[in-house]
Amino acid sequence: MSLQAFFDFLVMGWLALAVVAFVALFFVAVPYGRHTRSGWGPAIGNRLGWIVMEAPAALIFAAWFVWGTYREGSQVATWAFFGLWEMHYVHRAFIYPFRLRGRDRQMPLAVVGMGFLFNLVNTFLNGYHLFGRLGCYTVDWLEDPRFIAGVALFVAGYVINRQADHTLRDLRQPGGSGYRIPRGGLYEWISCPNYLGEIVEWIGWAVATWSLVGLSFAVWTIANLAPRARAHHAWYRERFEDYPPERKALLPGLW
């Protein structure tokens, strides 16, 4: 079996595992944030947990970028993909954790470990595809409609995600620990625009890379966040009698 065939086989297995996770997560909400509960073993603070989980994606991808192999004409496209990826993960690993308000909740080490492992595998696959195969995108790809549409989706999703996170952060005063009903923007239609934004981001990545590995990342994002959006929506409806009945979980007017 060639290295390329093995890589494609690995990505297909990764996709299949995402489908299994998607089904399982409708029955078990991962225990962090508002869904924290006992019985998951030792825990660490949320801030440290987020850093440990997300830092590998930023750092390993940067290592691929620095030590990858490229062919002539691929450098500009390489910088474009590197910039998109790091725009998300530098914020998620090294800025977002320190902007969390309220007391530092606990996150089970089991959850941190699962997130860490996911980012190791996912970053290896995407890094190898982009930087380990002699530069599979040339500068001409930047003019391809798929790249342009994918970047537009990625940026739109990033903006939606950041605005939604900002709204949630402003609901809680420094030192506070309670929850309130978020309002404004897409929160008028859905419970989890932050998750919708992230899903749109990585669908954009899949389109921009036009690759099986990009698709696997988008599928994993949906598998993780769609069930969690449903769990969040149910949580809001159970705890707030005045929760807007017209809101959906993730897709305005649909679901």
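For the stretch 8-51, filtering for residues that are of a type in the set (Val, Ile, Thr) and touching a strand residue (DSSP E or B) at 6+ places or on another chain (Cβ under 8 Å) leaves 2. Taken together, the criteria place Met12 among residues that are of a type in the set (A, V, I, L, M, F, W, C), surrounded by fewer than 15 Cβ atoms within 10 Å (Cβ to Cβ) and not assigned by TED's automatic domain parsing to the domain that holds Cys192. Taking the condition basic (Lys, Arg), in a helix (DSSP H, G or I) and touching a residue at least 60 places away in the same chain (Cβ under 8 Å), does Arg34 pass? For Arg34, the condition - basic (Lys, Arg), in a helix (DSSP H, G or I) and touching a residue at least 60 places away in the same chain (Cβ under 8 Å) - is met. Quick check on the stretch 233-253. Is at least one of its residues in contact with a Leu (Cβ under 9 Å, 6 or more places away or on another chain), in a helix (DSSP H, G or I) and of a type outside the set (Asp, Glu)? Yes, the stretch 233-253 contains a residue that is in contact with a Leu (Cβ under 9 Å, 6 or more places away or on another chain), in a helix (DSSP H, G or I) and of a type outside the set (Asp, Glu). Condition check for Gly33 on (1) touching a Gly at 6+ places or on another chain (Cβ under 8 Å); (2) on the phi > 0 side of the Ramachandran plot: one failure, at (1). If we scan the stretch 41-48, do we find a residue that is at positive phi, assigned to a loop (DSSP other than H, G, I, E, B) and free of Cβ contacts under 8 Å to residues at least 40 places away in the same chain? Within the stretch 41-48 (the criterion being at positive phi, assigned to a loop (DSSP other than H, G, I, E, B) and free of Cβ contacts under 8 Å to residues at least 40 places away in the same chain), the answer is no, since none of the residues qualifies. When residues in the stretch 38-69 are screened for being charged (D, E, K, R) and buried (at least 20 other Cβ atoms within 10 Å of the Cβ), 1 of them pass. When we screen Phe131, Phe94, Phe116 for residues that are crowded, with 21+ Cβ neighbours inside 10 Å and not assigned by TED's automatic domain parsing to the domain that holds Val155, the only hit is Phe131.
The values are calculated or read from the model by the stated rules, or taken from the named source; none is laboratory data. Source: prediction; values computed, not measured. Neighbour counts are summed over all protein chains in view; Cβ atoms, including those assigned to glycine, are modelled from backbone coordinates with ideal geometry.
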